[in-house]
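J.: Encoded as structure tokens, here's the structure I'll be asking about.
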Amino acid sequence: MKRIIILSTLALMAIVGKAQNLKLNELEYFERQGVNILVFSNSFNGGFNDEKNSGLEIIHHGVRTIQGGAVRLNNTPEQWDLVPTMTSRKVDKEKGTIEVNLRYNDYDFDSRLVVTAKGKAVEIAVWLDKPVPEKLAGDAGFNLEFLPSQYWLKTFTMDGRLNRFPRYATSQTITRPNSEKPRQFKGFKTYDDRGTDRFVDPLPIEVGHSIVMAPDAPERMIRISSDDAELKLYDGRMLAQNGWFVLRSVLPKGKTGKVMTWTVEPHAIPDWIREPNIGFSQVGYIPNQPKVAVIELDKKDQPKATASLIRIKNDGTSETAFTGNIQNWGAYFKYNYVKFDFSSVTQPGVYYIQYGDTKTNNFLIDTHVYDKITDATTDVWVPIHMDHMYVTEGYRTWHGEPFKEGYLQAPESDHFDLHRQGPTTDTKYKPYELIPGLNVGGFFDAGDFDIETGSNINVVQNFIRAWDLFKPLRDETFVSQQQRYVDLHRPDGVPDILQFIEHGTLNLVAQAEQIGHMAQTLSNSVLDNYHHLGDAASITDGLHYDPSLKPYEVSADGKRSGTPDDMWAFTTREPALDLRAATMFAAASRVLRGYNDNLAERALTQSKRLMKEATELINQRARNPQNQMDFNWLDGFEGRDMGANKPDKKRLKLIERTRKNRETLGDMATNLQLYGATQEKQYLDNFEKQIWDALELNVAMNMQTALDAVPYMDDSYRQKLRPYVEQYNTYIRNFDTQNPYGVPIGLGNWAGVNMVLNFGIAVNYAHLYFPDIVKKDEIYRVSNWLYGCHPYHNYSFVAVVGATRPKQVFYGNNRADFSAIPGNVAPGLLFRKPDHFENFDDWPFLWGQNEGTIAGNTQYIIFGSAFKNLQK
Ligand SMILES: [Ca+2]
Ligand SMILES: [Ca+2]
Ligand SMILES: [Ca+2]
């Protein structure tokens, strides 16, 4: 973290002084106040190809509105169109240039981008050592993409001709033979050509040599011109709802050297300073909790001396309730941070914060502000994600019953969405054979509709945990497994959480029984329906796939079709996953006993069988030195160590002992669950033989498991745990020096809400069991973060009941409507290298910042329930 602070200081030094012209700064991007031009600070990632996060990017007055600058092979690239690999990146500070080499392996095609600061503009040049390959001639071009939600309805001129960016995609297209389509990701196709053998290609909206975009909006205005290439403006939404506006120039045929030059000048508002972002809890505060707003400031902004809390009275007038000093926190990445502590205000009421000219929206201080924080998630989000059911709410049907034709055994496949089927099926089924009985229960993974087994295991475990800890009897949902029907806001006499546990278990038990072990996933077979947006019931045709029929043909009895849309079960056996399932089944059988005895029995049978088989398999594989993959879990001990980087001898010994113990005793969390389910003491002994070594290796990672055991243990266990909880308390408080928000902040391409929630849950329990060590004040770290006290903006990350200003758009399955499914929790702040956090609230399509997952949202239910409980 020290390194980051030093870099930020250097960045600060770089911008002090003349900020008129673009300068290549210490963080290796071009900068003037209001304009950051990044050249492959973030490169395309092979796993999901074009995530609209890479290439040449422009952060314009604080918003990343332009990205995707690269040599591309399509007019409007989709997510699974090929992306170039960056093979080298050179930064020349003296010349003020950044040069990157880009390569398409599939076409043996190399190009070079050279970006040079020229006054207030950059020159972008494309260089070729060899001409564009014949196959790509006319298709390869330089593209730059513009965020639709920031440009639509704004004006533009091309060579002086007036125009306006369309709100919705309504430009024109042609079709071309598939033989002319550049290859897509792993040879998959994003489109269903309905047997025409042709693909759709958008036509440009405008063509010319000089474009001025958004002269009517100074924050977005940009001027781009080229003397040697034609600029063509396209609307990427013609092919895909997540497409951006694309400006491109096709590379000339048969030429080498500098083949194309653009001049790009983003307008900078003179003396622009970013508006302060005042982070606070949009849900509000209870009277006696700490209340600290974190204010994010432009580096050029001068912190004010004070801020005020204003109370809005019942007659509509306002009064100042408190004025307090601003405390400096310091620099964190690109901004400075100050804090405003108004904890002393405890009188219930409606308030807002006034800092200089900036005033926030209002929020409540009251004893009941947290009462409803989980209701939208449990009553709305979760039931809508129930697979294999018809789900309705009032007048609205969320989806019909999906996947009526069931699931086929996946053939060997190197698939999309990180799925894979190995060379053998590890089952009694042949590739493409129907595996009976899998179309029951389970939850949609996230913004897509597959059943990720690992996540569904987490879901059932999360619900069980919520049930064990809080026994929520809330009944707002009608669930009929027999009718395959779910109705929101209609009580049916059964606590919803039991029905959710049952629903998850039904699918997972079916997997164990029918397949013999856990599938990795039940997912789409074809890419052209994987990106489905709309009613889940229409993803497949509901008819069994029959390859003897022609595509789109239906059999005379109406039960089979020639359309290969049936979902696949990916069945490569992973003993580690089976072990996790065994843990979950043990707990599920205990909870379901008395409610659904038959399912409880089936779950227990599978738990014991999988535990035994998986432990044997893991041991077999461990004895084979070639095959260490099942020991990935040990990486955690070494990689996420709080202490020394390289494990010393004592530590290596500890790791070895942990590994051996796990081999002979089984996973410690599984043992704990099995004890809960069976009350057989051997499981508790197995747990206790392992927990202390685990804590010794990594307190942060294993504290939750250690705390989960507290209810089963006597006082001596608590005493022995105390010093580790003290260490954990130090770990919690350390975050105050690492960032201004006091929570773990992830810097990966998934914004990391799971990590924050895990942290929040562990802190809650550490406080519950050890209130003298972990103080109550610590539990508000995560609620503050979730509900609005975070970088970039101050909206609540939870589409939640009670927040004044929740986020408006999420990457749910209704994202094409720029909407959200209530109760969703966004991953949060996406970090873009080298120094930018973002969370779009007008553009839902970036999954890394706006998707909600079934595992994460059920984890939120635990966090929220535990947190509410502590208020009582
Ligand atoms: Ca998925
Ligand atoms: Ca119910
Ligand atoms: Ca079908």
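J.: Within region 377-416, which chymotrypsin sites (Phe, Trp or Tyr not before Pro) sit in a loop by DSSP and count at most 13 neighbouring Cβ atoms inside 10 Å? List each step's numbers first, then the result.
T.: On the way: sites: Trp381, Tyr390, Tyr395, Trp398, Phe403, Tyr407, Phe416; in loops: Tyr395, Phe403, Phe416.
In loop regions of region 377-416 (DSSP not H, G, I, E or B), the sparsely surrounded chymotrypsin sites (Phe, Trp or Tyr not before Pro) are Tyr395.
J.: Okay, next question. Over the chain, with every protein chain in place, what whole percent of the accessible area is carbon and sulfur at 1.4 Å, could you tell me?
T.: Working: 16760 of 34150 Å².
Ligands and nucleic acids excluded, carbon and sulfur reach 49 percent.
J.: OK, next. For region 504-543, just the Cα set please: Rg and Dmax, both in angstrom.
T.: 12.7, 33
J.: Another question about this same structure. Under 1.5 on a/c is rounded, so check that first for region 301-379, then, if it is not, pick prolate when a/b is larger than b/c and oblate when it is not; a ≥ b ≥ c are the square roots of the alpha carbon gyration tensor eigenvalues.
T.: Details: a/c = 2.31, a/b = 1.31, b/c = 1.76.
Oblate, because a/c is 1.5 or more while a/b does not exceed b/c.
J.: Which shape class, rounded, prolate or oblate, goes with region 639-738 when its Cα gyration tensor gives a ≥ b ≥ c as root eigenvalues, a/c under 1.5 marks rounded, and past that a/b bigger than b/c marks prolate?
T.: Values: a/c = 2.33, a/b = 1.33, b/c = 1.75.
Oblate is the answer for region 639-738, as a/c is 1.5 or above yet b/c matches or exceeds a/b.
J.: Roughly how compact is region 410-531, stated as its Cα Rg over 2.2 N^0.38 Å to two decimals? List each step's numbers first, then the result.
T.: Values: Rg = 16.2 Å, N = 122, 2.2 N^0.38 = 13.7 Å.
Normalised Cα radius of gyration, region 410-531: 1.19.
J.: Let's test the formula: R0 of 56 Å, r as the Cβ-Cβ distance of Thr358 and Arg659. What FRET efficiency results, to the nearest 0.05? Let's see the in-between values first.
T.: Numbers: r = 55 Å, r/R0 = 0.98.
Working from the Cβ atoms, E equals 0.55.
J.: Simple spin-label model, 7 Å along Cα-to-Cβ: Leu162 to Leu203 in nm?
T.: Output for this residue pair reads 2.4 nm.
J.: Would you please state the base-10 log of I(q)/I(0) at q = 0.10 1/Å for the chain, with intensities from the Debye formula using one equal scatterer on every alpha carbon?
T.: Taken in order of the listed q values, log10 I(q)/I(0) reads -1.27.
J.: By how many nm would the segment from His489 to Lys135 grow when fully extended, if each residue of separation counts as 0.36 nm and the alpha-carbon distance is taken off? Can you show the working numbers first?
T.: On the way: separation 354, 0.36 × 354 = 127.44 nm, distance 5.73 nm.
Using 0.36 nm per residue and subtracting the Cα-Cα distance, I get 121.7 nm.
J.: Another question about this same structure. Counting only complete DSSP H runs, which helices of the chain cover 18 Å or more along their long axis at the Cα atoms and score a mean Kyte-Doolittle of 1.6 or above? Write down the numbers at each step before the final one.
T.: Details: long enough: 2-15 (20 Å, 1.79); 453-470 (25 Å, 0.21); 496-515 (29 Å, 0.33); 575-592 (25 Å, 0.86); 597-623 (39 Å, -1.01); 649-665 (23 Å, -1.74); 681-697 (25 Å, -0.82); 715-738 (34 Å, -1.63); 753-769 (24 Å, 0.96); 854-871 (26 Å, 0.28).
In the chain, the long hydrophobic H runs are 2-15.
J.: Right, something else. Report, in whole Å, the centroid distance computed from the Cα atoms of region 737-804 and region 806-872.
T.: Measuring centre to centre over Cα atoms gives 13 Å.
J.: When DSSP assigns beta bridges and you keep just the ones with both residues in the chain, what percent turn out antiparallel, to the nearest 5?
T.: Numbers: 137 of 147 bridges.
For the chain, the DSSP antiparallel bridge percentage is about 95.
J.: Excluding residues on the same chain fewer than 8 positions from Lys653, give the lysines whose Cα lies under 17 Å from its Cα.
T.: Counting by Cα, and skipping residues close in sequence, Lys653 has these lysines nearby: Lys689.
J.: Next question. To the nearest 500 deg cm²/dmol, what mean residue ellipticity at 222 nm is calculated for the chain from DSSP H runs of n ≥ 4 alone, each contributing -39,500 (n - 2.57), summed and divided by the residues? Provide the component values of the computation, followed by the final result.
T.: Details: 17 runs with 238 residues, N = 872.
Dividing the helical sum by the residues of the chain leaves -9000 deg cm²/dmol.
J.: Among the listed pairs Lys95/Lys255; Lys90/Lys255; Lys299/Lys776; Lys95/Lys181; Lys471/Lys775, which are separated by more than 28 Å between their Cα atoms?
T.: Lys299/Lys776; Lys95/Lys181
J.: Contact order normalised by length for region 141-192, with contacts defined as Cα pairs under 8 Å and 6 or more residues apart; what percent is it? Walk me through the numbers on the way to the answer.
T.: Details: 21 pairs, mean separation 10.2, N = 52.
Once normalised by length, the contact order is 20 percent.
J.: With only Lys, Arg, Asp and Glu charged, each at its Cβ (+1 for the first two, -1 for the last two), find how big the charge dipole of the chain is about the Cα centre; round to the nearest 20 debye. Don't skip to the end; give the middle numbers.
T.: Details: 97 positive and 108 negative charges, 444 e Å.
Result for the chain is approximately 2140 debye, rounded to the nearest 20.
J.: Please compute the per residue accessible area over region 707-800 with all protein chains in place, 1.4 Å probe, rounded to a whole number of Å². Could you put the intermediate results ahead of the total?
T.: Numbers: 3250 Å² over 94 residues.
The answer is 35 Å² per residue.
J.: Decide, for region 548-608, between rounded, prolate and oblate: order the square roots of the alpha carbon gyration tensor eigenvalues as a ≥ b ≥ c, take rounded if a/c falls under 1.5, and otherwise choose prolate if a/b is larger than b/c, else oblate. If you can, show how the numbers build up before the last one.
T.: Numbers: a/c = 5.39, a/b = 2.19, b/c = 2.46.
In terms of gyration-tensor shape, oblate.
J.: Hey, got the Cα dimensions of region 187-249 along the principal axes, in Å, largest first?
T.: 45, 27, 20
J.: Placing one identical point scatterer on every Cα of region 186-336 and ignoring solvent, what is log10 I(q)/I(0) from the Debye formula at q = 0.16, 0.19 Å⁻¹?
T.: Calculated log10 I(q)/I(0) at the listed q: -1.05, -1.24.
J.: Give me the aspartates and glutamates in straight-line cross-link reach of Lys359: C-alpha distance below 13 Å, same-chain residues under 8 apart excluded.
T.: Glu275
J.: Under 25 °C and 0.890 mPa s, how fast does region 386-442 diffuse according to Stokes-Einstein, given a Kirkwood radius computed over C-alpha pairs? Answer in µm²/s, whole number.
T.: Values: Rh = 13.5 Å.
The calculation lands on 182 µm²/s.
J.: Within straight cross-link reach of Lys681, meaning Cα distance under 14 Å, which aspartates and glutamates are found once same-chain residues fewer than 8 apart are removed?
T.: Within the straight-line limit of under 14 Å, Lys681 reaches these aspartates and glutamates: Asp714.
J.: Per residue, how much accessible area does region 349-438 have with a 1.4 Å probe, in Å²? Let's see the in-between values first.
T.: Working: 3720 Å² over 90 residues.
The answer is 41 Å² per residue.
The values are calculated or read from the model by the stated rules, or taken from the named source; none is laboratory data. All figures in this text were calculated on a predicted structure; none of them were measured in a lab. Quick reminder, even Gly has a Cβ in these numbers, built from the backbone with ideal geometry, and neighbours come from all protein chains shown. Accessible surface is based on the protein model in full, side chains and every heavy atom, while ligands, DNA and RNA are left aside. Shrake-Rupley method; radii C 1.70, N 1.55, O 1.52, S 1.80 Å.
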